[in-house]
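The values are calculated or read from the model by the stated rules, or taken from the named source; none is laboratory data. Quick caveat: nothing in here was measured; it's all calculated off a predicted structure. Here Cβ is always computed from backbone atoms with ideal geometry, including for glycine, and neighbour counts include all displayed protein chains. Ligands, DNA and RNA are stripped out before the accessible areas are found, and what is left, the full protein with its side chains, is counted by its heavy atoms. Shrake-Rupley method; radii C 1.70, N 1.55, O 1.52, S 1.80 Å.
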Amino acid sequence: MASASRDGTPGKRRGSGTNRSSSDKQNARGKNAAGKKGAPSGKRGAPAKRGGSGQQPSSRKPHRKGSSRVDVESGKIRLNNSKPARHQVAEVEGDGVTYVSDGMRLQKVLAAAGVASRRGAEELIAAGRVEVDGEVVVEQGLRIDPNTAIIKVDGARVVIDESKQYLALNKPKGWHSTMSDEHGRPCIGDIVAERVMAGQRLFHVGRLDADTEGLLLLTNDGELAHRLMHPSYEVPKTYLATVRGEVNRGLGRELRRGVELEDGPVSVDSFALLEVNQGKSLIRLTLHEGRKRVVRRLLAEVGFPVTRLVRTDIGPVALGKQRPGSLRVLDNKEIGALYKAVGM
């Protein structure tokens, strides 16, 4: 029986043959949607259907993983997070890099060392910023032995051994540059006692006499420590010295020319007069000598005994505003600069 509408006219039966097919309805809906300006292309959040002349290009960014092409330009400006490394036993030979068939892929080694993500490491390689055994590597996927290969990014070697420690100590006056003292006097071993008890084997790079304050490096990197202390590498050290007497600027010329001490001549690399006040002078001098009490002996020899001495810099590492008795971990840039200073 036919259903009736509100005005009394008979309505169509549901399911009668006069109904349009489902495909016709879909086509009609598509035409209506296309004819309306600004009409949505489909359900909320659904992407536009592919195909058809009126299709809008997709604004979705292709997934990075889907691209096999390495972006060289990104590699040229990519941030380098590499940490400088310990001394490695492999020596650079004329033949360049040695590849190992069952080794680790270079980009994986860089990623494991924290230089960048694996994709980022590929970009660094493509940009020519990575060296292995003195040879620039730009080919992807080459396998090396990370335990023997010398890997550098932007000229700085990459850390492989995370157990290496590099610390800066502001040694207070009256403390001795020893890891223990048989007379019970305060020494730098007391400051690092907890680290030593935790299994870290630390030793100081050079010494400061008990009355001298300032920067002292501690590490467990034996090769770096050896080179920093060896006179042939001439690592500069800077001091602030308060001396008795009013220094004139001519003293700088005399110290640069050299002064004869009982164990040989010594000269400074740079000199600056900072302050003269009430019979005392504050000077800054830089020299690469490492002989015992050399600064005190040098200034006493020219007639200006030292009343206070502070070491402020060792090569590229500066004491800054570090408070007396405190330790800080050297950052990657400082460690890399130390390696560079001694040719590692």
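Checking each residue in region 305-328 for being without any contact (Cβ under 8 Å) to a residue 40 or more places away in the chain and under 18 Å from Gly290 (Cα atoms) picks out only Pro316. For region 302-313, a tally of residues being surrounded by 15 or more Cβ atoms within 10 Å (Cβ to Cβ) and either assigned to a helix (DSSP H, G or I) or more than 41 Å from the chain's Cα centre (by Cα) (or both) returns 1.
Just one residue in the set Arg185, Arg157 is among the basic types (Lys, Arg) and farther than 23 Å from Ala341 by Cα; that residue is Arg185.
Number of residues in region 223-254 that are under 22 Å from the mean Cα position of the chain (by Cα) and touching a residue at least 60 places away in the same chain (Cβ under 8 Å) equals 5.
Residues in region 85-128 that are among the small types (Gly, Ala, Ser) and at pLDDT below 75: Ala85, Ala90, Gly94, Gly96, Ala112, Ala113, Gly114.
What are the residues in region 156-176 that are modelled with pLDDT of 85 or more and either within 21 Å of Ala111 (Cα to Cα) or among the small types (Gly, Ala, Ser) (or both), if any? Residues satisfying the conditions are Ala168, Gly174.
When region 129-143 is filtered for residues that are over 23 Å from the mean Cα position of the chain (by Cα) and surrounded by 14 or more Cβ atoms within 10 Å (Cβ to Cβ), the ones remaining, listed by number, are Gln140, Leu142, Arg143.
Yes/no per residue for (1) of a type in the set (A, V, I, L, M); (2) over 30 Å from Ser326 (Cα atoms):
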| position | (1), (2) |
| --- | --- |
| Glu135 | no, yes |
| Asp145 | no, yes |
| Arg157 | no, no |
| Gly174 | no, no |
| Arg185 | no, no |
| Ile188 | yes, no |
| Ile191 | yes, no |
| Gln200 | no, no |
| Gly206 | no, no |
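Taken over region 144-158, the criterion of being open to solvent by less than 40 Å² (accessible area, probe 1.4 Å) and either aliphatic (A, V, I, L, M) or under 18 Å from the mean Cα position of the chain (by Cα) (or both) is satisfied by Ile144, Ala149, Ile150, Ile151, Val153, Ala156, Arg157, Val158.
Out of the residues in region 278-288 that are over 32 Å from the mean Cα position of the chain (by Cα) and modelled with pLDDT of 90 or more, which is most open to solvent (accessible area, probe 1.4 Å)? It comes out as Lys280.
Residues in region 314-329 that are assigned to a loop (DSSP other than H, G, I, E, B) and touching a Leu at 6+ places or on another chain (Cβ under 7 Å) were compared, and the one that is most open to solvent (accessible area, probe 1.4 Å) is Pro316.
Residue pairs, Cβ under 6 Å, 6 or more apart or interchain, first in region 101-113 and under 15 Å from Val138 (Cα atoms), second outside any strand (DSSP E or B) and open to solvent by 100 Å² or more (accessible area, probe 1.4 Å). List them. Within 6 Å, the pairs are Gln107/Arg118. The criterion of at least 1 residues that are open to solvent by less than 30 Å² (accessible area, probe 1.4 Å) is met, among helices (runs of 4 or more DSSP H) falling completely within region 159-271, by 188-191, 222-229, 250-257.
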